[in-house]
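For reference, the structure is listed below as structure tokens.
Please treat every number below as a calculation from the coordinates, not as lab data. On a predicted model such as this, the values are computed, not experimentally measured, just so you know. Heads up, the Cβs are rebuilt from the backbone with ideal geometry, glycines too, and the neighbour counts pull from every protein chain shown.
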Amino acid sequence: MITLITANWLLYLIALLIGVVTAFSVWAGTGRESSAVEDFSADDGLLEKAGEPVQPAEPKPEPSPPAAAVPETAPPPPAPKAVVAPVATVPKAEAKPAESPKTAPAVSGKPNIPAAVGEPDNLRLIKGVGPKLNTLLISLGVTRFDQIADWKEAEITEVDQYLDTFSGRITRDAWIDQAKFLAKDDIAGFEKKYGKL
């Protein structure tokens with residue numbers, strides 16, 4: 001097989017080049033040369049869905065017919081005016097009063113959890129907390145294992161709503177149990193239950 005390829009390498013190269021040229025000519029002939037600006041239409045309704053105000057589109061000027069074909073007695077009809085419907089505004093939902101002050105979100109957009117006392121811990125030691133979750137927890141004011149170890153159901157629910165796509169990870173990955181081991185510096189107990197750090 002190798003001898004066949006080495007003896008006819010030039011034919012294989014020519015066949016490859018013919019294939020590439022043919023594929024390119026087919027691809028180029030499919031009408032990809034039209035630009036996105038020519039295909040853009042401000043009247044398609046997508047801008048209203050996005051909540052952006054719509055600028056009325058200027059009508060495209062029609063090519064004028066030759067001077068001999070235009071009758072001189074009839075004035076040209078007036079150009080139609082573009083009518084733009086006003087964008088409907090959605091009223092903001094009023095905030096519901098908090099059921100208890102412990103579960104009410106703070107004014108600063110952070111959950112109501114006890115403040116950290118002491119040096120911050122490396123929260124990435126908790127299995128299931130990666131770089132993104134670590135950054136998110138720090139932005140919420142969670143920096144220590146003892147904070148997480150003391151969480152009750154109310155705090156779990158409160159913090160969970162800020163985790164967005166990571167919602168449910170606190171209970172699924174057993175953060176509280178892991179944090180209890182790490183807060184007590186019980187590395188042996190942690191590794192026995194959750195594996196190597």
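What does the C-alpha gyration tensor say about the overall shape of segment 130-197? Classify as rounded when a/c is under 1.5, otherwise prolate if a/b is larger than b/c, or oblate.
Numbers: a/c = 1.77, a/b = 1.65, b/c = 1.07.
Taking the square roots of the gyration eigenvalues as a ≥ b ≥ c, segment 130-197 is prolate.
Label-point separation (nm) for Asp160 and Thr30, each offset 7 Å from Cα along Cα-to-Cβ?
4.7 nm
Evaluate the distance, in nm, between pseudo-label points positioned 7 Å from the Cα of Lys110 and of Leu17 along their respective Cα→Cβ axes.
The answer from the label model is 6.7 nm.
Round to the nearest 0.05 the FRET efficiency obtained for Glu153 and Lys127 when R0 = 25 Å and r is the Cβ-Cβ distance. Don't skip to the end; give the middle numbers.
Numbers: r = 21 Å, r/R0 = 0.85.
Efficiency at R0 = 25 Å is approximately 0.75.
Which entries in the list Lys152/Lys184; Lys152/Lys196; Lys132/Lys192; Lys132/Lys180; Lys127/Lys180 go over 24 Å, if you measure between the two C-alpha atoms of each? Kindly include the intermediate steps, with their values, before the conclusion.
Numbers: Lys152/Lys184 18 Å; Lys152/Lys196 27 Å; Lys132/Lys192 26 Å; Lys132/Lys180 22 Å; Lys127/Lys180 13 Å.
Too far apart for the 24 Å limit: Lys152/Lys196; Lys132/Lys192.
Under the classification rounded if a/c is under 1.5, otherwise prolate if a/b is larger than b/c and oblate if not, where does segment 122-169 fall, given a ≥ b ≥ c as square roots of the Cα gyration tensor eigenvalues?
Verdict is oblate for segment 122-169.
Please give me the summed charge of the neighbours of Arg169: other residues whose Cβ is under 12 Å from its Cβ, Lys and Arg +1, Asp and Glu -1.
Values: positive: Lys127, Lys132, Arg172; negative: Asp160, Asp164, Asp173.
Once positives and negatives cancel, what remains is 0.
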